[in-house]
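The values are calculated or read from the model by the stated rules, or taken from the named source; none is laboratory data. Values in this document were obtained by computation on a predicted structure and should not be read as measured data. Cβ placement follows ideal geometry from the backbone for every residue including glycine, while neighbour counts extend to all protein chains displayed. The accessibility values were calculated without ligands, DNA or RNA, using every heavy atom of the protein model including side chains. Shrake-Rupley method; radii C 1.70, N 1.55, O 1.52, S 1.80 Å.
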Amino acid sequence: MIKSIIDKSTGFEKRFENIDTVVFENSTDASKAVAQQIAALIKSKQEKNESCVLGLATGSSPKGLYAELVRLHKEEGLSFKNVITFNLDEYYPMEPDSVNSYVRFMKELLMDQVDILPENYHIPDGLLTKEEIADYCADYETKIEALGGIDLQVLGIGANGHIGFNESGSLQNSKTRLVALDHITRVAASKDFFGLNNTPRTAITLGVKKIMEAKQVILLAWGEGKADVVKKSVEGEVTNRIPASFLQEHNNVVFVLDKEASSKLTRINRPWLVEKIVWTDKLTRKAVLGLALDLKKPILM
Ligand code: F6R
């Protein structure tokens with residue numbers, strides 16, 4: 001199991017957190033720990049002569065994880081021969097060899113560097129005609145089902161709470177489909193596409209339903225920019241405005257966070273609400289300021 005730098009032994013955080021969270025000093029340590037967990041799963045499946053079905057994400061969050069998996073392959077002999085992968089999404093339309101395609105991303109960062117069989121990795125096809133998409137998406141799900149479902153799904157999280165490209169408003173039983181990307185998602189992607197005008201408006205994404213059916217889910221979030229949405233997903237209501245909050249209803253999910261992404265969780269930001277603490281000047285000032293903000297009253301009142 002992934003080990004946190006912060007001990008959650010009190011259990012009081014459960015009053016606030018509806019999803020297990022582990023916090024690491026930094027994303028490098030976190031990625032290494034997740035890679036170890038995935039490697040252990042791959043090996044345990046190998047011992048039983050079974051395939052290991054992984055759901056994979058792209059974006060900046062899993063880059064360190066893929067680098068560590070490649071290192072485990074090259075330096076420690078971890079084999080991917082029994083691994084079958086399904087990526088969450090691809091922009092549409094998208095040429096597979098374009099610099100921004102997720103096919104290229106996955107090939108460069110993982111697939112071409114390990115011994116996975118080329119027929120064993122699946123990434124939604126950005127070259128389909130509109131007419132082909134529905135059947136293709138249904139087939140993508142059938143392939144996953146035929147393998148007994150996803151053993152472990154790796155997720156990132158959008159600043160708007162999207163998982164895959166299931167944007168705000170997606171339903172918990174949504175299927176794999178063509179979606180319109182949120183403005184927030186397009187703005188985040190626009191730096192890679194040299195401006196918003198060149199950024200795709202649509203994408204093919206695995207639906208929320210298949211993500212929720214995965215046997216295990218590990219969501220990675222790094223940096224202060226994710227702190228708000230992490231808190232809302234973990235501590236807030238389950239709502240389709242924040243699709244990551246659906247994960248509160250998954251029975252085997254962990255959010256793996258760096259310090260910055262965890263910084264707004266109640267147990268980190270207002271630990272006195274969660275457990276007995278040793279009051280320092282800094283914490284006292286923080287508590288007084290927090291109270292003033294909560295009560296919308298000046299500090300002296
Ligand atoms: C990518 C994906 C997205 C990203 C999310 C976070 O395959 O499904 O949901 O995980 O947008 O992106 P980064 O990691 O770039 O912050």
- Task: Evaluate the charge dipole of segment 2-269 about its Cα centre and quote only its size in Debye, nearest 20, assuming +1 on the Cβ of each Lys and Arg and -1 on the Cβ of each Asp and Glu.
- Result: 580
- Note on the structure: Within the set LEU273, LEU283, LEU147, GNM on the chain using Cα springs under 10 Å gives the largest fluctuation to LEU283
- Task: List every residue whose amide H lies under 5 Å from the amide H of ILE123, counting only residues 5 or more places away in sequence or on a different chain, with H placed 1.01 Å from N in the peptide plane.
- Result: ASN87
- Item | Rounded percent of accessible protein surface that carbon and sulfur make up, the chain, 1.4 Å probe | 54
- Residue with peak Gaussian network fluctuation, the chain [Cα springs, cutoff 10 Å], from VAL23, VAL234, VAL288: VAL288
- Query: Given the options ASN166, ASN26, ASN197, which has the most mean-square fluctuation in a GNM of the chain, springs set between C-alpha atoms less than 10 angstrom apart?
  - Reply: ASN197
- Length gained, GLU249-GLU145, 0.36 nm per residue minus C-alpha separation, equals 35.4 nm
- Which peptide among 249-258, 206-215 comes first, and what is the full order, when sorted by highest mean count of other Cβ atoms within 10 Å? 206-215, 249-258
- Item | Per-residue ³J(HN,Hα) for segment 244-254, Karplus 6.51 cos²θ - 1.76 cosθ + 1.60, θ = phi - 60°, Hz, x for Gly and Pro | 4, 5, 4, 5, 4, 9, 8, 8, 8, 9, 9
- Note on the structure: Phi-derived 3J(HN,Hα) across segment 265-271 with the Karplus relation (6.51, -1.76, 1.60, θ = phi - 60°), rounded Hz, x for Gly and Pro, is 5, 4, 5, 9, 7, 9, x
- Taking Cα atoms only, helix 27-47 is inclined relative to the longest principal axis of the chain by an angle, in degrees rounded to 10, of 50
- Long-range Cα-Cα pairs in the chain (distance over 25 Å), rounded percent: 50
- Query: In percent, what relative contact order does segment 115-213 have, based on Cα pairs under 8 Å that are 6 or more apart in sequence?
  - Reply: 29
- Message: On C-alpha positions alone, give me the angle between the axis of helix 130-146 and the longest principal axis of the chain, in degrees, nearest 10.
- Response: 80
- Query: Averaged per residue, what accessible area in Å² does segment 2-269 show with a 1.4 Å probe, protein chains only?
  - Reply: 44
- Note on the structure: So, relative contact order of the chain in percent, Cα under 8 Å, 6 or more apart, is 21
- Message: What is the angle, in °, between the Cα long axis of helix 281-295 and the longest principal axis of the Cα atoms in the chain? Nearest 10 is fine, range 0 to 90.
- Response: 80
